[in-house]
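Shown next, in structure tokens, is the structure this report addresses.
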Ligand SMILES: C[S@@+](CC[C@H](N)C(=O)[O-])C[C@H]1O[C@@H](n2cnc3c(N)ncnc32)[C@H](O)[C@@H]1O
């Protein structure tokens, strides 16, 4: 299979080529040739050159004669494609049963939803390619820094595990769907990834007593009234698989280890998503921190229409969605990144939630988790008093005035933080003064001393507000 991967690479079958040729911002559009866009793709698939031939066969799904294949590749590559199930006979011609596409320096084989412009009936065990926007948001929400042991739960075609094998010494990838296992193993072989162990497993069931420094997951979250596909269906409330994953995760994590997951769930009446995340962790949650970063919130109706359009469903689906929202008292749906951290030593744990700005990155999320951890560490006060904070500049203040004794007087401020987190903090005027005076030269101790002189606020309260300003990205230290 390495032969095939090497050939595809040397043939110039790259994402850049495809994005340019088809004038697309993201590759996954090519996997769903719908309507006018599909007609345009069909025309653009015609043309000379090996990269386009490969796209025509492996993404478009068009059949070609053996002679046509041999005009573009050595016979040994054609044989390897055939023997490994990447090509199948269709009459006298040959065609690709699945997709085979370049992604971030990898080659990925997965199920196809279309052959030409014809939609194929998805199997219940359909294995998605792993290049759609939700999967990409998942990969982008993972710390790509060196680690020893890493597990991906629900690996699908294996992209997350393959990307992780670039920085993790040993990678395990599990999935409940046996067809995923076939694809993930094939993709490891195609990409010469030797450090990835792929196993069929219902969550952790096949993992014995292995523990990991990092655990990744992008698990199904669509309520199963609307989807029964294994890659999408998340049980009656959409959160069942996430709940099972979280319940078992603590004993799988090394102390100090982190989970990076892409999650979708509901803010319910008096029960925000992060509160349930903590409950799903069960007793083990006493050792775990939770940081939820919301990237998109949708009203129940926005979410329902999105799902209905995606599936081309009818109005009956809308009534099922309304029933679902009522049953679970859903106020809004939240899509976001989740970090769960198992504490390294005995200390209180934290639960935080932030809204991500459009260009926030995993470094920002990790940094917040680091900061909240530091706030609860034993040497927090001395270490932070000696630091030299700087205002980030990604915020503005709005003031509220009131007529008092014939004079307009500022009575409160709202600080609007815009990056990396979008937050509004209602506060007293001195908080704005604290945020604006941090210039990278004054120590925190000097800064808090100045504010204390002006306001007479107790030191502990000042330190609490200071921690909040750092935790929302208003101050940097
Ligand atoms: C939304 S897909 C994500 C696939 C891939 N990781 C990605 O990000 O594109 C969810 C995956 O979880 C798998 N899955 C569902 N239930 C599972 C379970 N109980 N244990 C392990 N994997 C499961 C599905 O088969 C599917 O491959």
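Tell me which residues, restricted to region 178-197, are in contact with a helix residue (DSSP H, G or I) (Cβ under 9 Å, 6 or more places away or on another chain) and within 12 Å of the ligand (Cβ to nearest atom). Once the filter is applied, which keeps residues that are in contact with a helix residue (DSSP H, G or I) (Cβ under 9 Å, 6 or more places away or on another chain) and within 12 Å of the ligand (Cβ to nearest atom), region 178-197 yields 184, 187.
Would you check if residue 18 is modelled with pLDDT of 95 or more and either surrounded by fewer than 20 Cβ atoms within 10 Å (Cβ to Cβ) or closer than 27 Å to residue 158 by Cβ (or both)? Judged against the criteria, residue 18 is a match. Output the residue which, of all residues in region 220-241 that are near the ligand (Cβ under 10 Å from one of its atoms) and crowded, with 23+ Cβ neighbours inside 10 Å, is modelled with the lowest pLDDT. Per the stated criteria, the residue is 231. Being assigned to a loop (DSSP other than H, G, I, E, B), at pLDDT 95 or above, more than 29 Å from residue 449 (Cβ to Cβ) and in the same structural domain as residue 304 (by TED's automatic domain parsing), is that true of even one residue in region 413-422? No, there is no match, as no residue in region 413-422 is assigned to a loop (DSSP other than H, G, I, E, B), at pLDDT 95 or above, more than 29 Å from residue 449 (Cβ to Cβ) and in the same structural domain as residue 304 (by TED's automatic domain parsing). The number of residues in region 92-122 that are over 16 Å from residue 166 (Cα atoms), touching a helix residue (DSSP H, G or I) at 6+ places or on another chain (Cβ under 9 Å) and either touching a residue at least 60 places away in the same chain (Cβ under 8 Å) or crowded, with 22+ Cβ neighbours inside 10 Å (or both) comes to 14. For residue 349, the conditions (1) more than 26 Å from residue 136 (Cα to Cα); (2) touching a strand residue (DSSP E or B) at 6+ places or on another chain (Cβ under 7 Å); (3) loosely packed, with under 15 Cβ neighbours inside 10 Å all hold with the exception of (3).
For every residue, the table says whether it meets (1) in contact (Cβ under 8 Å) with a residue 24 or more places away in the chain; (2) under 25 Å from residue 141 (Cβ atoms); (3) over 19 Å from the mean Cα position of the chain (by Cα); (4) surrounded by fewer than 13 Cβ atoms within 10 Å (Cβ to Cβ).
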residue: 355; (1), (2), (3), (4): yes, yes, no, no
residue: 362; (1), (2), (3), (4): yes, yes, no, no
residue: 369; (1), (2), (3), (4): yes, yes, no, no
residue: 373; (1), (2), (3), (4): yes, yes, yes, no
residue: 380; (1), (2), (3), (4): no, no, yes, no
residue: 384; (1), (2), (3), (4): yes, no, yes, no
residue: 391; (1), (2), (3), (4): yes, no, yes, no
residue: 396; (1), (2), (3), (4): no, no, yes, yes
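Answer yes if at least one residue in region 105-118 is more than 16 Å from the ligand (Cβ to nearest atom) and closer than 28 Å to residue 261 by Cα, and no otherwise. Yes, that holds for at least one residue. Selection of region 348-394 for residues being assigned to a strand (DSSP E or B) and over 12 Å from residue 470 (Cα atoms) yields 351, 352, 353, 354, 355, 356. With respect to residue 208, is the statement that it is more than 14 Å from the ligand (Cβ to nearest atom) and either without any contact (Cβ under 8 Å) to a residue 40 or more places away in the chain or touching a strand residue (DSSP E or B) at 6+ places or on another chain (Cβ under 6 Å) (or both) true? Taking the combined requirement at face value, the residue satisfies it. Can we say residue 156 is outside any helix (DSSP H, G or I) and either in the same structural domain as residue 221 (by TED's automatic domain parsing) or within 16 Å of the chain's Cα centre (by Cα) (or both)? Yes, satisfied. Filtering region 159-175 to residues that are surrounded by fewer than 19 Cβ atoms within 10 Å (Cβ to Cβ) and either near the ligand (Cβ under 9 Å from one of its atoms) or in the same structural domain as residue 7 (by TED's automatic domain parsing) (or both) leaves nothing. Candidates are the residues of region 123-138 that are out of contact with any strand residue (DSSP E or B) (no Cβ under 9 Å at 6 or more places or on another chain) and under 19 Å from residue 164 (Cα atoms); the one that is farthest from the ligand (Cβ to nearest atom) is 133.
On the stretch given as region 309-343, residues that are out of contact with any strand residue (DSSP E or B) (no Cβ under 9 Å at 6 or more places or on another chain) and closer than 26 Å to residue 139 by Cα total 3.
The values are calculated or read from the model by the stated rules, or taken from the named source; none is laboratory data. Just so it is clear, the model here is predicted, and its values are computed rather than measured. Cβ coordinates were reconstructed from backbone atoms using ideal geometry, including for glycine residues, and neighbour counts include every protein chain displayed.
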